[in-house]
Amino acid sequence: MNGIKVVNRASRFAVDHFLVVPCGAAVALVWANWGAESYFWFASQLAFAVNHVGMAFFFAMIAQEVLEATMPGGALHTWRRATLPIVGAVGGTIGAIAAYEAFVLAGDERLLLAGWPIVCAIDGGLAYLFVQFLLGKGAARPFVALMAIVSNAIGLIVIGLHQQSAHLRLAGPLLIACGLVVSVALLRLRVRTIWVHIVIGGTMLWWGFWWSGLHPALALVPVVPFLPRSPRGLNLFADPPHGPHDSPRHLEHVLRMPVQIIMLLFALVNAGTVAHGIERGAWAVPVGALVGRPLGMLIAVSVSVALGLRLPHRLGWRELVVIACAASCSFTFGLFFATAVFPIGAVLTEAKVGALSTIAGALLTIAAAWMLGVGRFEGRAHDVPARTRESRA
Amino acid sequence: MKRIGAVLMLVASAWAAGAQDLTLPNRPASLKFAAIGDNGTGEAPEYDVGRQMVDYHGRFPFEMVIMLGDNLYGRQEPQDFVRKFEEPYRPLLEAGVRFYAALGNHDNPSQQRYPPFNMGGVRYYTYARRNVRFFVLDSDFLDAPQRAWIEGALQQSSDDWKICYFHHPLYSDGKTHGSQVDLRVVLEPLFVKYGVNVVFSGHDHVYERFKPQKGITYFVAGAGGQLRRGDVKRSEMTAAQFDQDCSFVLVEVSGDDLFFQAVSRTGATVDSGTVHRRPRS
């Protein structure tokens, strides 16, 4: 019984601290390097089920969170509140893509040019965790969460539009239309059981996406607007356990544990790479994420502030630098985008290594916070010029 | 002193002639070809290997060269195609030797439209010579259409010999890159199922031959233009290795036998042998 309790507590800790994917990735890396044949056989058997079916539930949950954030009382409800993070996200994405493409072109590796959507990715969970750990509660958390949502949405749209399929059928668009009609009908009929929506409307949409050349991992997103929902506050990734989102009629409640298992499998299936010589593709992704994104985000926010937008209350430039660094970690979404952009092969391996290596963004974030003396490192503030401290207040 | 010098010269030239011996049967009706990988540097080693190939072509008139990817490194403007491909192999091109390229990770995908590479504007393709069918894959992106294509092409082929080549090796003892196991778990079952006999790859800048794996003989010939000296470690699968100089491979297919000879930049034979064709099950 003690063993089960320990496992339960460890699982709960991993879930609460966004450690499921990093733990799964660590296991995958060890497995791939100790028993490559068995690992890649396992990964090849599960890749489709996890990346194309399982991840549909993950993106449904993300879509639900975004939708609720746009409801009255939600973090994205007014454009005024969300403008600066959106500007930061767009600027960061442009910066990341520019740095990625420049790095690839500098090495004349045109094969990698198509990989630019990978650097749109921000691991929202990890970024949120870093910011919470370093800067505590306040405007920084929703700021980085909104940035992650917008950046990943840009990447998902690009990937969704560029997805190539060998399974194109005319029935695809028809099934999408039917799936939407069914979802509306279920809403009108006041069907409150989430699984009915997912199984009937979701299945039709999945096949519709698959046969239309769209990435089927996004198939449940159109179902989400027809599901029961309630407003989501600023603490986007950390709602209290007994709020409206804990109702059995809420998607988050229904999918919370299944999605955690899916994310574990996702990391297991996708994160394993054999430690080979590092090719240019493996460098290009971190260059885009760790260099281009923070620069792009800070430049975009600076220009916006110069044009009249105001920084959120109690959020200064030093905190913004820490947020920009935290957003450089693409990890989970980077892995997903890599598998969506590149098919199996050596280039995908390079891109995966690159996405995994952006975990270095954690060190960058801590180093930035330490050097700037913010949040947990506030004690170092005496090293910072007084004028900068005032501007933060 | 002069006499001693003359004797030494004679011994040296006799040794050089011996080093450049052809070990292949060189039969009149056989299919003869050469294999080079990772060659397109435009540097001296590539030119040296090219000269050896020309030299051997005089005695072993191979009609084609299979290119295992990384056909051009770095910039790939028209003048680079001249410096990194046309110049080093000009005598072969003028002699009518045809080159059939696979794409490597350093290759610009537009190479598929470069006529001397004979790719026909596609990333993966197949062609036959006598009783041998070649299957050229793009191991950079093994997407679903390519997987479906290779399975169909292998299934349809009734040729005696099936030879696949692509850039990333399914088996390699190279320390820098090693085996591409994710590709192996996808491709090898198809190769076994449809009776592929031999697979050539590059990527690791060494020469290596493996003991037959599930009935298939694998070659790594990725030292056609640059070398990673001492980069290969021995494993229980190793049949032969050479990582002390750049190299290329000469191949002759005659009936049920495939003869091979790996040659170094100086013309020395570093490996040779025969692969017997498996009887069809």
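The values are calculated or read from the model by the stated rules, or taken from the named source; none is laboratory data. Bear in mind the structure is a predicted one, so any value in this text is a computation, not a measurement. Heads up, the Cβs are rebuilt from the backbone with ideal geometry, glycines too, and the neighbour counts pull from every protein chain shown.
Details
- B:S157, sole failed condition from (1) buried (at least 24 other Cβ atoms within 10 Å of the Cβ); (2) in contact with a strand residue (DSSP E or B) (Cβ under 6 Å, 6 or more places away or on another chain); (3) not basic (K, R): (1)
- Residues within segment B:222-240 that are closer than 19 Å to B:T266 by Cα and either hydroxyl-bearing (S, T, Y) or more than 18 Å from the chain's Cα centre (by Cα) (or both), tallied: 2
- Test: residue in segment B:84-100 that is of a type outside the set (A, V, I, L, M), closer than 20 Å to A:G345 by Cα and within 14 Å of chain A (Cβ to nearest Cβ): no
- The listed residue being away from chain A (no Cβ under 11 Å), assigned to a helix (DSSP H, G or I) and either touching a residue at least 24 places away in the same chain (Cβ under 8 Å) or within 18 Å of the chain's Cα centre (by Cα) (or both), out of B:F219, B:F200, B:F191: B:F191
- Any hit, segment B:18-29, residues being in contact with a helix residue (DSSP H, G or I) (Cβ under 6 Å, 6 or more places away or on another chain), at pLDDT below 95 and surrounded by 14 or more Cβ atoms within 10 Å (Cβ to Cβ): yes
- Members of segment B:120-150 found to be of a type outside the set (A, V, I, L, M), under 30 Å from B:A29 (Cα atoms) and without any contact (Cβ under 8 Å) to a residue 60 or more places away in the chain, listed by number: B:G120, B:Y124, B:Y125, B:T126, B:Y127, B:R133
- Looking only at segment B:123-140, and only at residues there that are aliphatic (A, V, I, L, M) and in a strand (DSSP E or B), the one that is nearest to the chain's Cα centre (by Cα): B:V136
- Given (1) under 19 Å from the mean Cα position of the chain (by Cα); (2) over 11 Å from B:F166 (Cα atoms); (3) in a loop (DSSP other than H, G, I, E, B), number of the condition B:G120 does not satisfy: (1)
- Check on B:L103, touching a residue at least 60 places away in the same chain (Cβ under 8 Å), within 14 Å of another protein chain (Cβ to nearest Cβ) and either closer than 22 Å to A:E109 by Cβ or surrounded by fewer than 19 Cβ atoms within 10 Å (Cβ to Cβ) (or both): yes
- Residue within segment A:91-102 that is touching a Pro at 6+ places or on another chain (Cβ under 6 Å), in contact (Cβ under 8 Å) with a residue 40 or more places away in the chain and either surrounded by fewer than 22 Cβ atoms within 10 Å (Cβ to Cβ) or away from chain B (no Cβ under 14 Å) (or both) present: no
- Flag for A:L175 being touching a residue at least 24 places away in the same chain (Cβ under 8 Å) and buried (at least 24 other Cβ atoms within 10 Å of the Cβ): no
- Residues satisfying the stated conditions in segment A:115-124, i.e. among the small types (G, A, S) and modelled with pLDDT under 90: A:G124
- Residue among B:D256, B:D245 that is touching a residue at least 60 places away in the same chain (Cβ under 8 Å), surrounded by fewer than 22 Cβ atoms within 10 Å (Cβ to Cβ) and either closer than 23 Å to B:Y194 by Cβ or more than 13 Å from the chain's Cα centre (by Cα) (or both): B:D256
- Test: residue in segment B:110-133 that is aliphatic (A, V, I, L, M), within 14 Å of chain A (Cβ to nearest Cβ) and closer than 26 Å to B:Y171 by Cβ: no
- Top-ranked residue in segment A:27-54 [being more than 12 Å from chain B (Cβ to nearest Cβ), closer than 17 Å to A:L218 by Cβ and modelled with pLDDT of 90 or more; ranked as surrounded by the fewest Cβ atoms within 10 Å (Cβ to Cβ)]: A:A49
- The set of residues in segment B:117-152 that are among the hydrophobic types (A, V, I, L, M, F, W, C), in contact with a strand residue (DSSP E or B) (Cβ under 8 Å, 6 or more places away or on another chain) and surrounded by fewer than 19 Cβ atoms within 10 Å (Cβ to Cβ) contains only B:A128.
- Residues in segment B:141-161 that are more than 13 Å from every other protein chain (Cβ to nearest Cβ), out of contact with any Leu (no Cβ under 7 Å at 6 or more places or on another chain) and part of a helix (DSSP H, G or I): B:A153, B:Q155, B:Q156.
- All helices (runs of 4 or more DSSP H) inside segment A:329-374 with 3 or more residues being surrounded by fewer than 21 Cβ atoms within 10 Å (Cβ to Cβ) and of a type outside the set (S, T, N, Q): A:360-372
- Residues considered: A:E319, A:E350. Of these, the only one that is more than 27 Å from A:F57 (Cβ to Cβ) and more than 10 Å from chain B (Cβ to nearest Cβ) is A:E319.
- Considering residues of segment A:257-294 that are assigned to a helix (DSSP H, G or I) and within 12 Å of another protein chain (Cβ to nearest Cβ) only, the residue surrounded by the fewest Cβ atoms within 10 Å (Cβ to Cβ): A:R280
- Of note, A:Q64 satisfies the criterion of being more than 14 Å from chain B (Cβ to nearest Cβ) and either more than 25 Å from A:P343 (Cβ to Cβ) or surrounded by fewer than 21 Cβ atoms within 10 Å (Cβ to Cβ) (or both).
- Helices (runs of 4 or more DSSP H) contained entirely in segment A:133-223, each with at least 1 residues that are more than 20 Å from A:V53 (Cα to Cα) and touching a Gly at 6+ places or on another chain (Cβ under 8 Å): A:140-162, A:171-188
- Residue count for segment B:42-66 under the criterion of being within 19 Å of B:S201 (Cα to Cα) and either at pLDDT below 95 or in contact with a Pro (Cβ under 7 Å, 6 or more places away or on another chain) (or both): the result is 2.
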